[in-house]
Amino acid sequence: MSVKENLLHIKNHLPSRVTLVAVSKTKPKDVLLEAYEAGQRDFGENYVQELIDKQAHLPEDIRWHFIGHLQSNKVKYIAPFVYLIHGVDSFKLLQEINKQAVKHNRVIDCLLQLHIAREETKFGLSFEECEALLTSDTFKLLHHVRVRGFMAMASNTDNEEQIRAEFSSVKQFSEKNTAFFSEPPLLSYGMSGDYQLALEAGSTMLRIGSTIFGSRNYA
Ligand SMILES: *Cc1c(COP(=O)(O)O)cnc(C)c1O
């Protein structure tokens, strides 16, 4: 199947609340253009260098989502144009995004990454750490970042009940914390292998790569 067919196949089944982010890491620009020509505008990238190279050469109305683990010293490269930063997992990073946003006279939208998987290796804040951040006085001073919701990755397992429970825990956490948001919080969870479960658990943003573009040679 072509990229276009893959996209349409996914999109035909999505509720209107859901944004599909096409995860295009490692894929060449002409493949992104194929998706663009099929109407796709939201693209997700994991690596700063790759993102700035693609952004410079592809249409200006693409909304670039940074979905990887962002190092503070690299924020400056994406601050001029990034649409949404998904994986914010520390106050220090948020502070740096704020600083770079000031320089570009922007307010940068961010999602706080929650650690829900059982694996040790995945990044993210615990629910307690996340709540502490949202309620801190120092956070309130950052006027150039806007936390729009939460991002999470489920455990890499075949156990659907576990995945469902992990996604639902994010949904519940967001419902408990709606007071921090002026609009309904964005919930970014669901990848190629688990997006049906993510949708059932209230996801509003899917990050799908291999189901659209085919498998990758490296993660
Ligand atoms: C690579 C990646 C995805 C997409 O993964 P697929 O399994 O190819 O759909 C989603 N989210 C993050 C954070 C990723 O790194």
Describe numerically, in nm with one decimal, the distance between label points set 7 Å from Cα along Cα→Cβ at Ala132 and at Lys103. 2.9 nm
XL table Lys11/Lys176; Lys92/Lys176; Lys74/Lys103; Lys4/Lys27; Lys76/Lys99; Lys92/Lys171; Cα-Cα > 18 Å flagged, in table order, is Lys11/Lys176; Lys92/Lys176; Lys92/Lys171
Under a 5 Å amide H to amide H cut-off, with H placed in plane at 1.01 Å, what residues pair with Val88 once short-range neighbours are removed? Leu111, Gln113
Percent relative contact order for the chain, counting Cα pairs under 8 Å at least six residues apart, stands at 20 percent
Distance between the stretch 1-49 and the stretch 79-143 - C-alpha centres, whole angstrom: 25 Å
Given the candidates Gln100, Met191, Asn6, the one whose Cα lies deepest towards the positive end of the charge dipole of the chain, counting +1 at each Lys or Arg C-beta and -1 at each Asp or Glu C-beta, is Gln100
Highest to lowest packing among 113-125, 78-90, 176-188, 7-19, scored as the average C-beta count within 10 Å: 78-90, 113-125, 176-188, 7-19
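Could you provide, to the nearest whole Å², the per residue accessible area of the stretch 13-100 with probe 1.4 Å?
Per-residue value: 44 Å².
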Quick check for you: with a 1.4 Å probe and neighbouring chains kept, what is the accessible area per residue of the stretch 102-219, in Å²? 52 Å²
Inter-probe distance in nm under a simple model that places probes 7 Å from Cα toward Cβ, at His143 and Lys176: 3.2 nm
Between Ser210 and His57, how high is the FRET efficiency from 1/(1 + (r/R0)^6) when r is the Cβ-Cβ distance and R₀ = 25 Å? Nearest 0.05. 0.60
Excluding ligands, DNA and RNA, the carbon-plus-sulfur percentage of the accessible area of the chain with a 1.4 Å probe reads 49 percent
Determine the dipole magnitude for the chain: charges of +1 sit on the beta-carbon of Lys and Arg, -1 on that of Asp and Glu, nothing else is charged, the reference point is the Cα centre, and the result goes in debye to the nearest 20. 640 debye
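The values are calculated or read from the model by the stated rules, or taken from the named source; none is laboratory data. Please read these numbers as outputs of a predicted model, since none were measured by experiment. So basically every Cβ, Gly included, is an ideal-geometry build from the backbone, and we count neighbours across all protein chains shown. Heads up: the accessible areas ignore ligands, DNA and RNA and are worked out on the full protein's heavy atoms, side chains in. Shrake-Rupley method; radii C 1.70, N 1.55, O 1.52, S 1.80 Å.
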